[in-house]
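Below is one structure, written out as structure tokens, with a few remarks after it.
The values are calculated or read from the model by the stated rules, or taken from the named source; none is laboratory data. These numbers come from a predicted model, not from an experiment. As a convention, Cβ positions derive from the backbone with ideal geometry for all residues, glycine included, and neighbour counts pool all protein chains shown. Note: accessible area is taken over every heavy atom of the protein model, side chains too, but ligands, DNA and RNA are not part of it. Shrake-Rupley method; radii C 1.70, N 1.55, O 1.52, S 1.80 Å.
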Amino acid sequence: MLEGTHPMPLEAGLLEILACPACHAGLDDRSAAESPELVCTGTDCGLAYPVRDGIPVLLVDEARRPA
């Protein structure tokens with residue numbers, strides 16, 4: 001990320017159509033955080049998908065497992 005820039009949240013319309021590829025639950029937008037990611041809201045899943053350069057990487061192999 002360029003110095004002096006901050007992550008921006010994703011467009012609300014985009015979040016309405018995106019779902020967790022593993023369980024198809026909705027995603028919680030944490031793209032404005034220091035480590036931008038979309039977190040699955042499914043109770044049994046909870047995978048966290050990275051957002052790189054404003055683009056969600058919705059690959060299960062790239063997701064962070066819940067702690």
Notebook entry, point to check: If the chain between residue 65 and residue 44 were fully stretched, how many nm would it gain, using 0.36 nm times the residue separation less the Cα-Cα distance?
Noted result: 6.4 nm
Next item on the list: Give the accessible surface of the chain per residue, rounded to a whole number of Å², with probe radius 1.4 Å and ligands, DNA and RNA excluded.
Entry: 71 Å²
Next item on the list: Using just the helices of the chain, give the 222 nm mean residue ellipticity in deg cm²/dmol: DSSP H runs with n ≥ 4 each add -39,500 (n - 2.57), and the total is spread over all residues, rounded to 500.
Entry: -2000 deg cm²/dmol
Next item on the list: Return the long-range amide H neighbours of residue 31 (sequence gap of 5 or more, or a different chain), with a cut-off of under 5 Å between placed amide H atoms.
Entry: 10, 37
Next item on the list: Keeping the other protein chains in place, figure out the carbon and sulfur percent of the accessible area of the chain, with a 1.4 Å probe.
Entry: 54 percent
Next item on the list: Determine ³J(HN,Hα), in whole Hz, for all residues of the range 19-32 in sequence, where each value follows from phi through the Karplus function 6.51 cos²θ - 1.76 cosθ + 1.60 and θ = phi - 60°; x replaces Gly and Pro.
Entry: 9, 5, x, 7, 10, 6, 7, x, 10, 8, 7, 10, 6, 8
Check: Residue separation times 0.36 nm, minus the C-alpha to C-alpha distance between residue 16 and residue 53: what's the value?
Finding: 11.3 nm
Checklist line | Cβ-based charge dipole, the chain, positive-most Cα from 45, 25, 14 | finding: 45
Notebook entry, point to check: Hey, what's the per residue convex hull volume over the C-alpha atoms of the chain, in cubic angstrom?
Noted result: 82 Å³
Note to self: I need the phi-derived Karplus couplings for the range 36-46: 6.51 cos²θ - 1.76 cosθ + 1.60, θ = phi - 60°, integer Hz, Gly and Pro marked x.
What the structure shows: x, 7, 10, 10, 5, 8, x, 5, 9, 10, x
